[in-house]
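What follows is a single structure, written as structure tokens, with notes after it.
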Amino acid sequence: MEIANISSRGSCDFTSKLPDPILHHILGLLNPKKAVQTCMLSKRWEHLWTFLPSLNFNFHDFRHDDDDDDDDFFHDIAVGRFAKFVNTLLLRREPFDLDVFCLSCEGMSLFNTLSCEGMIRYAVEHNTRVLHLSFPDSVPPCIYTCTSLEELYLNDKHASNKYIRYVKMYSSVPIVNLPNLRKLTLYRWALNSNNVKNLLSGCTILEFLRLDSCFLVDCVIAHKSLKHLAIVNCLFDKTQLVISAPNLFSFVFDENFQPPSNTTLNMPSLAYSCLTTHDNLMMKYLERMTTNIELLELHFKRHLLEESTVVPLKLPIFSNLKNLTVVLVTFSCFPMVNCVLKNSPNLEKLTLLQEGCLSQGEEGASTNVSTNVSSTIAIFPNKKLKIVEVRYWKYNQMIRQLEDALKDVYKGIENSEDFIGPSSGNITVELSF
Amino acid sequence: MADNGGKKITLKSSDGEEFEVPEVVAMESQTIRHVIEDVCAKNSIPLLNVNSKILSKVIEYCKKHVAAAEAAASKASTEEGTAAAASVTKPSDEDLKTWDAEFVKVDKGTLFNLILAANYLHIPGLLDLTCQAAADMIKGKSAKEIRKFFNLKNCISPEEEEEIRRENQWAFEEEKRTRAFDAYA
């Protein structure tokens, strides 16, 4: 067997030893125009691009930066150029199945998107495995019966909230038959109980669902095989939210405006959850949290009231909870956190982050905490706790109080240097009982 | 943690050097996995297509990714889980990405040999990473620069080149506003 070994020195052609499929793969990672232009490189490269397995078309690349968005004339010319390039490429491409097809029509006015429907049909006819569409207005219904699809991303970036509310709300999803779809992401969609049901019932093996910046009215998410659910930045209009997913493993809830008035959660297999919300909703969700949860992340949003009333939560015992992470805004989050700590007898790792930590020191509410906060922070001493980590970007009163509270609870820590932090940093306490 | 008395396997490079690695690390390669699973009781696997320098890099990649996967598993979050979450525990993902970016900062010859090895050993993550690195290297370059970069022998005559260009004129249209009308031609 010939040993394939490419030397950096010498004048040999680097690509001569790379088999064609690898070059096709590399070409698929380039801008499609660039990929086609490689036809000029050498005899071998002349037709390589016709075997592109992945296509990624972006209308934005065909516009000039200084184009006036309202200037119809140049906009239409850009549409013409875009359509010509894409359609010629699709025509000359070798007619084999696609792996990934991405099409972004952002910046294209609604009337011009008809020309893009043909492009989407090409993808469906060539049994694409992955489809990413950033498309104004309704997508062509052929995608809903593209049985080869495993991953679908639909972005309706042009829809304004008003448009969604009064027009899209009533458009129903046609027959859906996506038996191979595992991953679905909807961005800026309007979903009511009907179209959610139609969508989900047609995706029998769906595992991953992400709803981002959607408008959800009376949303019922019921699915047998769903493993990962993320609802991020959505608007509920104070309607109800029902989630019934017996195999759900992870649940991310990042609030969201006009939160649901009523939430029913049925996720018996849930192991991981990340909740970002206001105190009141956080309480509700914690009370409904699955008892088998193993890893929990709570991000308290900026809290609107001066001081929240400390209502003892009726929490179940989280006997499997090993790892708890909390992003703190003010001291007032603490009674709730303490409730969770008390109900987590087997907790091994606790991480406390100061809000703003993740965004590299953005000003958060924590810096404006009034000094009139109620009691000092009390930290419940969990017996099985192995490590406590506190991360902060600004050493303020809250962090100092946290330090004191940790010292109170975990006496006998030899290395007090653990607690002396610079203006930003970590306090890590490794415990051994 | 991967070395906890787990079964070890020996990989032999084309130039005779032997590398002892935990079986779970070696199994990152689908090729090796099939050899182990189908042709049982193999203690030493010869890899005729990979020299020692490249093999040691490949092993480095596999060790790092196995360790990262184990760390993620202990947090009860799968790769998909962290993808679904806007998670603060993500730093480990960022660390891995940074590590990967450093890993592919190598000379052209090594990069292409890594691509070949990833392909031969069937390690999808490494293949994706190295192909992306190669694509990034040619992204901003002109045809002439790419030819130089790849050491391509230009065996096309100027007439042939002109003909290819004419056939694919639609891909070479400049984006300048002055030529806007040509686009409609």
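The values are calculated or read from the model by the stated rules, or taken from the named source; none is laboratory data. Remember, it's a predicted structure, so these values are computed and weren't measured experimentally. All Cβ positions, glycine included, derive from the backbone under ideal geometry; neighbour counts span all protein chains shown. These area figures cover heavy atoms from the full protein model, side chains too; ligands, DNA and RNA do not enter into them. Shrake-Rupley method; radii C 1.70, N 1.55, O 1.52, S 1.80 Å.
Using a 10 Å cut-off on Cβ to Cβ distances, tally the other chain neighbours for every residue of B:149-160 and report the average as a whole number.
Per residue, the average neighbour count from other chains is 4.
In Å², nearest 100, what accessible area do chains B and A bury in total when the solvent probe is 1.4 Å? Write out the running numbers ahead of the final one.
On the way: alone 12750 and 22200 Å², together 29070 Å².
Roughly 5900 Å² of accessible surface disappears when B and A pair.
Ranked highest first by average number of other Cβ atoms within 10 Å, how do B:158-165, A:227-234, B:64-71, A:205-212 line up?
A:227-234, A:205-212, B:64-71, B:158-165
Shielding by partners for A:73-82, please: the mean number of other protein chain Cβ atoms within 10 Å of each residue's Cβ.
Other-chain Cβ atoms within 10 Å of each residue's Cβ, averaged: 2.
How much solvent-accessible surface does residue B:25 expose, in Å² to the nearest 10, with a 1.4 Å probe and all protein chains in place?
0
Please give the average number of partner chain Cβ atoms lying within 10 Å of the Cβ of each residue in A:25-38, rounded to a whole number.
Values: counts 8, 9, 3, 2, 9, 5, 2, 1, 5, 8, 2, 4, 7, 4.
That works out to 5 on average.
At a probe radius of 1.4 Å, what is the per-residue accessible area of residue B:37, in Å² to the nearest 10?
Surface accessible to solvent at residue B:37 totals approximately 90 Å².
Calculated FRET efficiency, residue B:157 and residue A:239, Cβ-Cβ r, R0 51 Å, to nearest 0.05?
The pair residue B:157/residue A:239 has a calculated efficiency of 0.15.
Give the cross-link partners of residue A:224 among the lysines, using a straight C-alpha distance below 24 Å as the criterion and excluding same-chain residues fewer than 8 apart.
Candidates past the 8-residue exclusion: A:183, A:197.
Quick check on my link table: of A:227/B:139; B:53/B:153; A:301/A:322; A:383/B:7; A:34/B:153; A:322/B:64, which ones sit more than 30 Å apart, alpha carbon to alpha carbon?
A:227/B:139; A:383/B:7
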